[in-house]
Amino acid sequence: ELMGILALPITIFVFQPLPDRGYLFSKCVGLLAVGVVVWLLASFRLLPFSLLSIQVGLLIVLVLSALAIVKRRVDMVSFVKKRWPILVVGEALFLAAFFSFLLVRMANPDLWHPHLGGEKPMDFAYLNAVLRSSYMPPYDPWFAGGFINYYYWGHFLVATLIRTTGIDPSVAYNLAVPTFFALTVGGAFTVVYNLSESTRN
């Protein structure tokens, strides 16, 4: 939510042609923007993957948002005043999707059982490897001295949220799954809403 709020002015600026200005996209934009900055810093070994590098990422997003506000302040204020009901609906939908899938994870929180967990042991191993790596690419949890030869971007984003909040990884994993579900629902809603609104014009 914090990253989404920080990235909202950028989102409104970028998605200006859309009726809802891509409001729910701001959550993805915020997480991705901060994640890219932190990942680049760790990949080029400018800063280790830590709370400090995340704060740098948040600061850069904040500065970009401030520039967007300076450039489009009047339009943004007008948009919020005019379209606040759809923003509330979007936020309610996002939270409903998150908490509904959280109930699913609460019913089956096991990360290890093969026939109930599927790929979760591997995902959790990669997530912990990313969390314990100071620089990217992260180490391979099953191959000493090696690096993960697998796409780990989603794990990195979750690890960024874990480093930001300090939540235990085993708990955070079961919060990450509903988060991605809610982001997917929010993105789908944004696409459908904007397509339907465009047909009215």
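Could you tell me the relative contact order of the chain? Use alpha-carbon pairs under 8 Å, at least six residues apart, and round to a whole percent.
Relative contact order for the chain comes out at 26 percent.
Label-point separation (nm) for Val171 and Arg45, each offset 7 Å from Cα along Cα-to-Cβ?
In this crude label model, Val171 to Arg45 measures out at 3.6 nm.
Classify the stretch 1-99 from the C-alpha gyration tensor, please: rounded if a/c falls under 1.5, else prolate or oblate depending on whether a/b exceeds b/c.
Verdict is oblate for the stretch 1-99.
Return the single residue from Ile12, Ile86, Ile162 with maximal mean-square fluctuation; model: Gaussian network over the chain, springs between Cα atoms under 10 Å.
Comparing Ile12, Ile86, Ile162 in the GNM, the peak value goes to Ile86.
Given the options Tyr173, Tyr151, Tyr126, which has the most mean-square fluctuation in a GNM of the chain, springs set between C-alpha atoms less than 10 angstrom apart?
Maximum among the listed residues: Tyr151.
To test your reading of the geometry: what angle, between 0 and 90 degrees and rounded to tens, separates the Cα axis of helix 51-107 from the longest principal axis of the chain?
In the chain, helix 51-107 runs at an angle near 60 degrees to the longest axis.
State the answer as a single residue: which of Asn108, Phe79, Ile162 lies farthest towards the positive end of the charge dipole of the chain, with beta carbon charges of +1 for Lys and Arg and -1 for Asp and Glu, about the Cα centre.
Selected residue: Phe79.
Rounded, prolate or oblate: which fits the stretch 46-138, taking a ≥ b ≥ c as square roots of the Cα gyration tensor eigenvalues, rounded meaning a/c under 1.5, else prolate when a/b beats b/c?
In terms of gyration-tensor shape, oblate.
For the chain, set up a Gaussian network in which alpha carbons nearer than 10 Å are linked by springs, and say which option among Leu46, Leu64, Leu175 fluctuates the most.
Leu46
About its Cα centre, how strong a charge dipole does the chain have in debye, to the nearest 20, once Lys and Arg get +1 and Asp and Glu get -1 at the Cβ? Each step should come with its number before you reach the end.
Values: 14 positive and 10 negative charges, 147 e Å.
Result for the chain is approximately 700 debye, rounded to the nearest 20.
Only helical DSSP H runs with n ≥ 4 go in: add -39500 (n - 2.57) per run for the chain, normalise by residue count and round the 222 nm mean residue ellipticity to 500 deg cm²/dmol.
One gets -26000 deg cm²/dmol as the mean residue ellipticity at 222 nm.
State whether the chain is rounded, prolate or oblate according to the following rule on the C-alpha gyration tensor (a ≥ b ≥ c being the square roots of its eigenvalues): a/c under 1.5 gives rounded; otherwise a/b larger than b/c gives prolate, and the remaining case gives oblate.
Here the chain falls in the oblate category.
Any read-out appearing in this document is the output of simple, stated calculations on the displayed coordinates, not a laboratory observation. The model shown is predicted, which means the values in this text are computed figures rather than measured ones. Cβ atoms come from the backbone with ideal geometry, glycine included; neighbour counts cover every protein chain shown.
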